[in-house]
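Written out below as structure tokens is the structure these notes cover.
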Amino acid sequence: QKVTDPEELAQLQLKKRKGFEDNIRKNRNQMSNWLKYAQWEESQQEFERARSIYERALDADHRCITLWLKYAEMEMRHKQVNHARNIWDRAVTILPRANQFWFKYSYMEEMLGNVANARRVFERWMEWEPEEQAWFSYIKMELRYKELDNARNLYERFIQIHPEIKNWIRYARFEESYGFIANARNIFERASEFFGEENMNEKLYISFARFEEGCQEYERARTIYKYALDNLQKSKAQELFKAYTHFEKKYGDRAGIEDVIINKRKFQYEEEIKANPTNYDTWFDYIRLMEADGSVDMTRDVYERAIANIPPIQQKPYWRRYIYLWIYYALYEELKAKDID
């Protein structure tokens with residue numbers, strides 16, 4: 001029905017408002033009643049009334065995220081920038097862990113061309129040490145305006161707050177993607193130092209080695225693979241070993257491929273020993289491999305690990321093999337390691 005008479009319109013509006021107010025009185029905490037009321041006032045172009053309703057609703061429940069969003073979006077739809085800015089500012093102050101507010105606030109400022117304001121919003125957000133996606137959004141904004149130094153500084157702060165391996169790798173790839181090879185290498189080296197030998201992870205070293213491979217630094221890549229394989233627990237290095245094998249097949253000479261085969265045998269021995277630590281036949285095979293190819297320290301380490309596994313039962317075959325380990329160890333120290341003590 002089309003209403004042309006102003007008095008009739010006023011009466012209809014009054015009736016409608018009374019209905020909304022009655023619903024609110026019945027259930028003040030039902031936010032859908034408030035929202036329907038405010039949206040109806042907006043449809044009547046009664047923006048001051050709509051604002052008043054949103055404010056009353058916030059008094060009833062200031063923790064309702066939907067309420068803040070609808071309020072700010074109304075102001076943005078009608079290009080009331082300062083009103084919208086004020087609402088977002090209040091929202092992020094009251095509910096700083098509601099990510100939607102920060103995202104929409106910063107997006108609004110950027111869309112208005114106020115990059116400095118958007119940056120200030122992000123900086124306020126970062127003080128709360130938010131989840132990873134928030135940092136990525138900030139970094140992407142800086143990159144949209146070719147602010148590489150700002151993005152780099154953000155990555156530095158980001159890895160302090162979220163120092164997971166995947167984030168160090170992401171930082172290094174960022175530097176690599178913009179051609180800063182020395183910076184990328186430095187980040188991988190810092191990550192290796194940061195995690196140390198206690199928290200080594202194959203993903204980091206695979207990424208580091210592949211980075212060097214992409215730079216055609218094949219010896220560097222080989223060194224990284226070997227270092228990681230020597231220091232990582234074998235049970236945690238299966239993907240690393242596969243990557244190294246693939247690398248040597250592509251770029252290795254005969255010695256490199258033989259080295260892969262030896263490492264594969266080491267890996268197999270480690271798995272067998274893990275399953276049965278008193279399998280002395282496996283220990284002897286492992287020791288022979290290390291004596292033929294390994295360093296003195298590495299061979300000594302295998303001997304020490306072998307003799308630490310005392311036979312669990314009093315049976316001659318077990319103890320005979322175990323005693324032979326000691327005899328071989330003593331002969332190795334005297335004849336090959338030249339260590340009489």
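The values are calculated or read from the model by the stated rules, or taken from the named source; none is laboratory data. Since the model is a prediction, treat every value here as computed from it, not as a measurement. FYI the Cβ positions are ideal-geometry reconstructions off the backbone, even for glycines, and counts take in every protein chain you see. Each accessible area value is taken on the protein alone, full model and side chains, heavy atoms only, with ligands, DNA and RNA left out. Shrake-Rupley method; radii C 1.70, N 1.55, O 1.52, S 1.80 Å.
Full extension of the chain between residue 15 and residue 180 yields a length gain of 52.6 nm, computed as 0.36 nm times the residue separation minus the alpha carbon distance. Loop-located trypsin sites (Lys or Arg not before Pro) across the range 106-177 with a Cβ neighbour count of 12 or fewer within 10 Å are 146, with loop assigned by DSSP. With R₀ set to 35 Å, the beta-carbon distance separating residue 199 from residue 111 gives a calculated FRET efficiency near 0.25. Based on alpha-carbon atoms, the Kirkwood radius and the radius of gyration of the chain give Rg/Rh equal to 1.29. Rolling a 1.4 Å probe over the protein heavy atoms leaves residue 285 with an accessible area of roughly 60 Å². I need the calculated FRET efficiency for the pair residue 233 and residue 23, taking r as the beta carbon distance and R₀ as 51 Å, to the nearest 0.05. E(calc), rounded to 0.05, equals 0.20.
With a Cα-only, solvent-free Debye model of the range 191-285, what are the log10 I(q)/I(0) values at q = 0.18 Å⁻¹? So the normalised log intensities work out to -0.83. What does the C-alpha gyration tensor say about the overall shape of the range 234-341? Classify as rounded when a/c is under 1.5, otherwise prolate if a/b is larger than b/c, or oblate. The shape class here is oblate. Take the chain with all the other protein chains still there, run a 1.4 Å probe, and you get 59 Å² of accessible area per residue. Gain on full extension, evaluated as 0.36 nm per residue between residue 145 and residue 285 minus their Cα-Cα distance, stands at 44.3 nm.
Report the FRET efficiency, 1/(1 + (r/R0)^6), for residue 242 and residue 161, where r is their Cβ-Cβ distance and R0 is 45 Å, rounded to 0.05. After rounding, the FRET efficiency stands at 0.85.
Using a 10 angstrom Cβ neighbour count of at most 16 plus a DSSP loop assignment to flag exposed GluC sites (Glu not before Pro), which longest range of the chain is free of such sites? Segment 218-341 is the longest. Legend: P(r) of the range 15-168 from all alpha carbon pair distances, 5 Å bins from 0, whole percents, reading 2, 9, 17, 17, 15, 12, 9, 7, 6, 3, 2, 1, 0. Placing a label point 7 Å from the Cα of residue 123 along the Cα-to-Cβ direction, the residues of the range 95-109 whose backbone N falls under 17 Å of that point are 106-107, 109.
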